[in-house]
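The values are calculated or read from the model by the stated rules, or taken from the named source; none is laboratory data. Computed from a prediction, not measured in an experiment: that's the story for all the values here. Note: ideal-geometry Cβ built from the backbone for every residue, glycine included; neighbour counts use all protein chains shown.
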Amino acid sequence: MNILGIESTAHTFGVGIITDSGDVLANVKDSFTSTAAGMIPDQVAQHHREVAETVLAQALSSAKMDWNDIAFLAYSAGPGLDPCLWAGYHYAKLWAGQHQKKIVGVNHCCAHLSIGKIWNKLRDPCYLYVSGVNTQIIVQEDNKYHVLGETLDIGLGNMLDKLGRILGLGFPAGPKIEQLAKQGKYLQLPYAVKGMDVSFSGILTKVQQLYEQQKVSAEDICFSVQEVCFAMCTEVVERAMANTGKQELLLVGGVGANQRLCEMLQIMCQERGAAFYQVPLDLAGDQGAMIAWEGFLRKEESGDVEIKPHWRADDV
């Protein structure tokens, strides 16, 4: 069985094709970028509409198949930006109608978790999910996801993109921040861990003040923000592993592409005698293959649910 997945929750429009055994046959995407600002939802949705048919054609070509080879369509129903979600849902309905296929709406966050689990062939991991709007520590018990800790304000990815706008780095800013950090020195910044939760807004306010007062360099800011924010994430996920006894840590989400974050988590797991796992770069960010796989897992329990912009993983 081959499943086609459509991703459109935020800046990326993606189409992936995966088998029912988890083999990725195609994973094509096109992402909105901006040199002057972040994501303006209507502009991002327009981007999705402009690239959708091309991305689909490339995915089918990459998988060397046509619609006759596709069992059904899965699409990201949420959480995400309303205009972007509606753009993806529109194409799910359109293509399903044209080719007489069933559609299955799935949770974007759960898709990140499930693709990482099948890719690494894990049994029972503790998940650290770090993307644009999401920063969560998640475990699964009795086929139900539980959020043990999360950001109290903004997600780490969004925080880094806001920092990128302050520094004039454009969008997305994460990769540029990672490069600048390699030339930076440490600055004292707020460290906001509250039990199992974290908070990033105070850090952002502090570095904006320092930068606008021309007291520090962009390199020092990037280095220090990474060190502090990644240490916070490492602390809370280590606490979660200690409390649950889990011996596998899986990092998923777009911020998981950052090598310094991976390094910190690897060191922590080694010291605990646990195993650290991540996903390849093409599966770390938003993409259609993960939506297709989550669709396969949910094919009997989900269908056309339209969109759910505030759909949490622990509500699935």
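Quick check: is even one residue across the range 139-161 among the charged types (D, E, K, R), at pLDDT below 95 and part of a helix (DSSP H, G or I)?
Yes, that holds for at least one residue.
Test of understanding: among Ile166, Ile103, Ile118, which residue is among the β-branched types (Val, Ile, Thr), assigned by TED's automatic domain parsing to the domain that holds Gly202 and over 12 Å from the mean Cα position of the chain (by Cα)? It would help to see each step written out before you state the result.
Details: Ile103 fails: assigned by TED's automatic domain parsing to the domain that holds Gly202; Ile118 fails: assigned by TED's automatic domain parsing to the domain that holds Gly202.
Selected residue: Ile166, the only one of Ile166, Ile103, Ile118 that is among the β-branched types (Val, Ile, Thr), assigned by TED's automatic domain parsing to the domain that holds Gly202 and over 12 Å from the mean Cα position of the chain (by Cα).
Criterion first (at positive phi and out of contact with any Cys (no Cβ under 6 Å at 6 or more places or on another chain)) does Gly157 satisfy it? If you could, list the steps in order and put the result at the bottom.
Working: at positive phi: no; out of contact with any Cys (no Cβ under 6 Å at 6 or more places or on another chain): yes.
No.
Tell me which residues, restricted to the range 100-138, are closer than 22 Å to Leu152 by Cβ, touching a Gly at 6+ places or on another chain (Cβ under 8 Å) and part of a helix (DSSP H, G or I).
Across the range 100-138, the qualifying residues are His108, His112.
Could you tell me whether Thr9 is in the same structural domain as Leu85 (by TED's automatic domain parsing), over 25 Å from Lys299 (Cα atoms) and at pLDDT 95 or above? First the steps, then the outcome.
Values: in the same structural domain as Leu85 (by TED's automatic domain parsing): yes; over 25 Å from Lys299 (Cα atoms): no; at pLDDT 95 or above: yes.
No.
For the range 50-66, what are the residues that are surrounded by 15 or more Cβ atoms within 10 Å (Cβ to Cβ) and either part of a helix (DSSP H, G or I) or at positive phi (or both)?
Step one: list which residues in the range 50-66 are surrounded by 15 or more Cβ atoms within 10 Å (Cβ to Cβ), which gives 51-52, 55-56, 58-60, 62-63, 65.
The answer is Val51, Ala52, Val55, Leu56, Gln58, Ala59, Leu60, Ser62, Ala63.
If I filter the range 240-253 down to residues being touching a strand residue (DSSP E or B) at 6+ places or on another chain (Cβ under 8 Å) and not in a strand (DSSP E or B), which single residue comes out as farthest from Asp153 (Cα to Cα)? Even if it seems obvious, please write down each step before you answer.
Here is the first cut: in the range 240-253, the ones touching a strand residue (DSSP E or B) at 6+ places or on another chain (Cβ under 8 Å) are 240-241, 243-244, 246-253.
If we keep only those that are not in a strand (DSSP E or B) too, we end up with 240-241, 243-244, 246-247, 253.
Details: Ala240: 20, Met241: 23, Asn243: 24, Thr244: 25, Lys246: 27, Gln247: 29, Gly253: 18 Å.
Only one residue tops the list, namely Gln247.
Name the pairs: first residue in the range 136-164 and under 13 Å from Ser199 (Cβ atoms), second residue in a helix (DSSP H, G or I) and among the β-branched types (Val, Ile, Thr), Cβ to Cβ under 6 Å, at least 6 apart or on different chains?
These pairs meet every condition: Gly149/Val236; Leu156/Val255.
Output yes when any residue across the range 196-211 is aromatic (Phe, Trp, Tyr) and within 23 Å of Gly116 (Cα to Cα), and no when none is.
no
In the range 267-295, what residues are without any contact (Cβ under 8 Å) to a residue 60 or more places away in the chain, surrounded by 18 or more Cβ atoms within 10 Å (Cβ to Cβ) and part of a helix (DSSP H, G or I)?
Passing the criteria: Met268, Cys269, Ala284.
Tell me the residue from Lys29, Lys93 that is surrounded by 15 or more Cβ atoms within 10 Å (Cβ to Cβ) and part of a helix (DSSP H, G or I), please. First the steps, then the outcome.
Values: Lys29 fails: part of a helix (DSSP H, G or I).
That would be Lys93, the only listed residue that is surrounded by 15 or more Cβ atoms within 10 Å (Cβ to Cβ) and part of a helix (DSSP H, G or I).
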